[in-house]
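Down below is the structure, laid out as structure tokens.
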Amino acid sequence: MPVARLLSRFRLPPTRPRRKPADLAYAADDRPSLGLTFGLGAQHAGMAIALSSYALVAAKTANLSLDDTQSFLTCTILGMAIATFLQAWGGRTGSATLLVHLPDPVMVPFVAAIIAAYGIGGVVPVGLATGIAAMCISRLLPYLRPLFPPTVIGAVVCMGGFTLISGAMKHSLGLNAELEVDGPSMVIAAVTLATIVGLSIWGSRTMKLFSLMAGILAGVVVAAAFGYIQGLERFAGTPFVALPKLPTPNFAVPPSALVVVVVVALLVQLDTFASVVLMDKMDDAGWRRADMKKASGGILANALGNALGGLLGGMPNATSSANIGLAHATRCTSRYVGLAAAFIILAVALMPLATLALTLIPDAVVGGVEVYAAAFFIVSGLELAASRELDSRGVFMIGISITFGLGVMLLPDIVHNVPPALEHLVGSGFVVTGITAVTLNLLFRLGTAMKARLDLSGDRAKDTQAVVDFMEIQGGAWAARREVVNRAVLAALEAMEFLVASGEGRRPDAVQARFDEFNLDVELLHHGPPLVLGAAAAPDLADLLDASDDAIDAAMANVSNLLVQRLADRVRAGTREGGSYLLLHFDH
């Protein structure tokens, strides 16, 4: 088949080496079969198009005509396709991940207000302003690593899941203005969710790949049985293919309005950053920290999607949380699926019949998917935050930021008591959590030294518990990876045993630890000559049965030597300033 042969030779820009998780069917650089690629891509495209209803909400709020609404939706979907393609392509203009874009929900009230005041042409300067601002932040992101440790990103991701709960409950329960539950909607959402979860847990590998599509189809069938599929008569007057009508740009939008939009757009990039980190973590069993280059590319792809989509007359877009949940459900993060989704989204944008069919998916079906996505994000955020050692600083940073975000969500009327310019900033629990987490992280890090020392002179030379407490306290203060700190504790204790057992008057005087995001060094300062670190081998237990006490002591020292060199990534011994040291290095 010519198309299959062409795709077999197709290569995407390379990414850094990663270790594929055991439960992942297809990682980012894996290429599924042609049918599977477009089948999975259709699931992602269908989800994104269904969520393009945010653009419809903005159009309805701005009282656009039917023709202008159709054109606005088409141009917005084109921007989504551009950003999704760039994300999957990678290189210098994307994150090289399966990140699908949708109209930015946070921007809905701003875009609606600007369209109502300045016409559909007002979205052109909005798209350009948000795109240019995001391009600037994408260039600076590699230098902002201290602002975004996994604890901060974990809080933001967790809050992203909480923000989905309200819509998920409204759609799943069919709540009306009086908050009355609709029984059929609840059944539809339950069938959708049960199918997704059931196939994800107990299904075969192929069933897991299409669990979300199966859930949507099951929900649609049940919805049709209840008579909840509405609007089929609209197909009669809808053309099969149509080009969008591009608006005339209107640059009369005042700078003050653009400044507010730009500030919101920059804060929304926290979501883009978190999405890239989450996808990278899902794709790498050896994940340790945020890849700032990858995150920078992800924000740049979003920026270019906003700028180009804005030129066409579409609203700004953002990464889709529901599609990340879909990637988790299908156990597939292949970039080739992202490219297929981008092409399908592009085709749908030019096919009003397809757009109409996807937007007719009942809200209850979408609600079932949103419940799955919310659960995945909340647990993933907590797992990401807990991947580092937490002391009181980390606990308060995560707890306070999520509390403030939830407070805004639970008390929405609080925004009426702030200046109008800040109303939409304070009104978003996601934005409040992001700002609070970054601010508290910077505040709590003030005065936290990246180097610490524990004196072991006198009676404390054999106090192993003091060493354990010292390492755990410093690991929490530095938000170091939990498994690295545990390994460092074991290595330090074995090193102390090795020092004492090696004789020649050696005894530990102090433990020093130094940390940065990439390295953890533990240094034992001691009396006596420096240790000789030769090749260590495990002792033969049979030979020790009849050995003398001295031979047994020597063998135990050799065991400590072996363990130290196995636990640490690098070990070095030497002298400095009239004393000896044993340096244990751990890659972080």
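Rule-based calculations on the coordinates, nothing more; no lab input. Small disclaimer: the values here were computed from a predicted structure and weren't measured. Note: ideal-geometry Cβ built from the backbone for every residue, glycine included; neighbour counts use all protein chains shown.
For the reader, a short list of remarks on this structure follows.
- Whichever aspartates and glutamates have a C-alpha closer than 20 Å to that of residue 462, once near sequence neighbours (fewer than 8 apart) are set aside: 472, 494, 497, 504, 509, 523, 553
- The long axis of helix 34-50 is offset from the longest Cα principal axis of the chain by roughly 70 degrees.
- Identified option (computed Cα Rg over 2.2 N^0.38 Å; candidates (1) 1.06; (2) 1.00; (3) 1.14): (3)
- Shape category assigned to segment 182-327 from the gyration tensor of Cα positions, a/c cut at 1.5: oblate
- Cross-link table 20/208; 208/293; 208/294; 208/281, entries beyond 26 Å C-alpha to C-alpha: 208/293; 208/294
- Segment 276-291-segment 106-133 distance, computed between alpha-carbon centres (Å): 33
- For the chain, the relative contact order works out to 21 percent when only alpha carbon pairs closer than 8 Å and six or more residues apart are counted.
- Three-way shape label, segment 271-381, alpha-carbon gyration tensor, a/c 1.5: oblate
- Relative packing of 284-292, 41-49, which averages over residues the other C-beta atoms within 10 Å, highest first: 41-49, 284-292
- Ranked packing of 187-199, 219-231, most packed first, by mean Cβ within 10 Å: 187-199, 219-231
- Working ranking of peptides 480-486, 271-277, 137-143 by packing, defined as the average number of other Cβ atoms within 10 Å per residue, highest first, is 271-277, 480-486, 137-143.
- Anisotropy class of segment 98-231 from Cα gyration tensor, a/c 1.5 cut: oblate
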